[in-house]
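Engineer: Take this structure first; my questions come after.
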Amino acid sequence: MAKGYRYGSFAIRFVSTADDVLVVGWVENRYARVDVEFADGSKLVLEPRSGFILGELPPGNLVRGREAVAVVGRDATGRELRPRIPLGEAYAKAPCFGPLPNATCP
């Protein structure tokens, strides 16, 4: 993170379009990777670049029953760091920011 800009230790958002979903955010240096865990047991591993996260959810995980269910930060040894972000109800009231595509979003 650039000096003088304190955004928090771990902030991840989904950017949903009619066709795909991006994962964007930032993490502190202690996070070596961020795992997006899916309902089917698979995961997407994202490695921060200068503290920033950017990735695209796999097309096969853009359907109910296979969607993203949690975001987990890990250190260089693979140990889970807090916070673990469960996605379930977190996006129920904000579907345009959820882990599934939404054609009604701007």
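Engineer: Pairs, please: C-beta under 7 Å, at least 6 apart or cross-chain, first residue part of a loop (DSSP other than H, G, I, E, B) and in segment 26-55, second exposed (fewer than 12 other Cβ atoms within 10 Å of the Cβ)?
Structural biologist: Ala32/Ala76; Ala39/Gly65; Gly51/Asn29
Engineer: So which residues in segment 12-25 are assigned to a loop (DSSP other than H, G, I, E, B) and of a type in the set (S, T, N, Q)? Steps first, please.
Structural biologist: Residues of segment 12-25 assigned to a loop (DSSP other than H, G, I, E, B): 17-20.
Thr17 - this is the single residue of segment 12-25 that is assigned to a loop (DSSP other than H, G, I, E, B) and of a type in the set (S, T, N, Q).
Engineer: Only one residue in Gly88, Gly98 is at pLDDT below 90 and under 12 Å from the mean Cα position of the chain (by Cα). Which one? Break it down into steps so the answer makes sense when it comes.
Structural biologist: Details: Gly88 fails: under 12 Å from the mean Cα position of the chain (by Cα).
It is Gly98.
The values are calculated or read from the model by the stated rules, or taken from the named source; none is laboratory data. Note that this is a predicted model, so its numbers are computed, not measured. We place every Cβ from the backbone using ideal geometry, glycine too, and count neighbours over all the protein chains shown.
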